[in-house]
Amino acid sequence: MADRAVAAFPEAGALLVRAAETTDLVEEARRRHGTSPTATAALGRALTGALLLGTLLKGDASVLLQWRGDGPLGAVVAEGRPDLTARGYVARPEADVPPRGGKIDVGAAVGRSGDLVVVKDLGLKEPYVSTVPIQTGEIGDDLAYYLTVSEQIPSAVGLGVFITPEYRVGAAGGILVQALPGAPDEVVERVAENLEALGGVTEGIRAGRGIEGVLERVLAGLAYRVQPLGTPRFRCRCSPGRLDATLAALGPDEARRLLDEEGVIRARCAFCGTEWVRRDLDGPWERAGPPGGGAS
Ligand code: ZN
């Protein structure tokens, strides 16, 4: 099924529910960054989490999630926006760890100690920055902890990425459930139990019913309606204008030295892997080709 994001509204009210299938989005991230299977799973979960949090914002706001764990992946970074775009990267995309109990060990790859830093840019003078300790490094647990403790909204987050034997993304998606003030205890408990029993988001997606299948299981026993939000996409905002700032930071002497010695100034966007080049100081930035060489 194609990627899609939805909001669900239980008739009992007082629950905020967002869910998304992000298979294509995460596969594009994998292709752009050349991530190992474990890195794909970690980045895919982070991208899906950022996307879901982005749906709670408005306008040109954004939410940036940065895991700074002590695992081999180094930083895991993802940004989500209300227009259902997300972008992100891991510091060491080639790093991989062996599976544990037949499952991809994202916690070990991210690291079980360190910080999750959340930067919310709501278009005000200063962004909101919150830091919480990493709980398990499994991404979803860490986000739920951040939302519950730092934003003080009891939240459950399920995020999953299924990797095929060919190391592609077979399925990816997530669900976010938040208890709003006045949520009846039995409703919150039922949803928490359902999410626990679900085992994994991608099983629901792969069962063939896409994100609807996940909602059916997590909201089992509740009447609800579903509102489509649109199609999630991996999209970056790097542009020549932003690269000029990088060049200015480099300084004219260093820029000239690079041009003299190498004939070109190269810049690579960390978020999307796009390579940019500039052949003289007054000339334009040019894309040096799509990341991943266009091959998958
Ligand atoms: Zn970019």
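Numbers at a glance
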item	result
Length released on extending from LEU122 to ALA91, taking residue separation times 0.36 nm less the Cα-Cα span	8.6 nm
Lys, Arg +1 and Asp, Glu -1 on Cβ, resulting dipole of region 4-234 about Cα centre, debye, nearest 20	540
Percent RCO, i.e. relative contact order, over region 4-234, from Cα pairs under 8 Å lying at least 6 residues apart	28
Per-q log10 I(q)/I(0), region 240-289, q = 0.29, 0.31 Å⁻¹ (Debye; single scatterer per alpha-carbon; no solvent)	-1.25, -1.36
Efficiency of FRET from Cβ geometry, LYS103 and SER239, R₀ 41 Å, rounded to 0.05	0.55
Length added when fully stretched, GLU262-SER113, from 0.36 nm per residue minus Cα-Cα	49.5 nm
Rh by Kirkwood over Cα pairs, then Stokes-Einstein D for the chain at 1.567 mPa s and 4 °C, µm²/s	65
Residue-normalised accessible area of the chain, given per residue in Å² at a 1.4 Å probe	46
Helix-only [θ]222 nm of the chain, DSSP H runs n ≥ 4, -39500 (n - 2.57) each, per residue, nearest 500	-9000 deg cm²/dmol
Cα-centre dipole for region 188-296 with unit charges at Cβ (Lys and Arg positive, Asp and Glu negative), debye to 20	400
Selected from ALA91, ALA267, ALA249 as most flexible by GNM, with the chain as the system and alpha-carbon contacts under 10 Å	ALA249
Most fluctuating residue given options ARG217, ARG100, ARG32, as computed from a GNM of the chain linking Cα atoms under 10 Å	ARG100
Extension gain from ALA249 to ALA288, taking 0.36 nm per residue of separation minus the Cα-Cα distance	11.9 nm
Solvent-accessible area, 1.4 Å probe, carbon plus sulfur percent, for the chain	49
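The values are calculated or read from the model by the stated rules, or taken from the named source; none is laboratory data. A quick note: this is a predicted structure, and the numbers were derived from the prediction, not measured. All Cβ positions, glycine included, derive from the backbone under ideal geometry; neighbour counts span all protein chains shown. Protein only, heavy atoms only, side chains kept; ligands, DNA and RNA dropped before computing areas. Shrake-Rupley method; radii C 1.70, N 1.55, O 1.52, S 1.80 Å.
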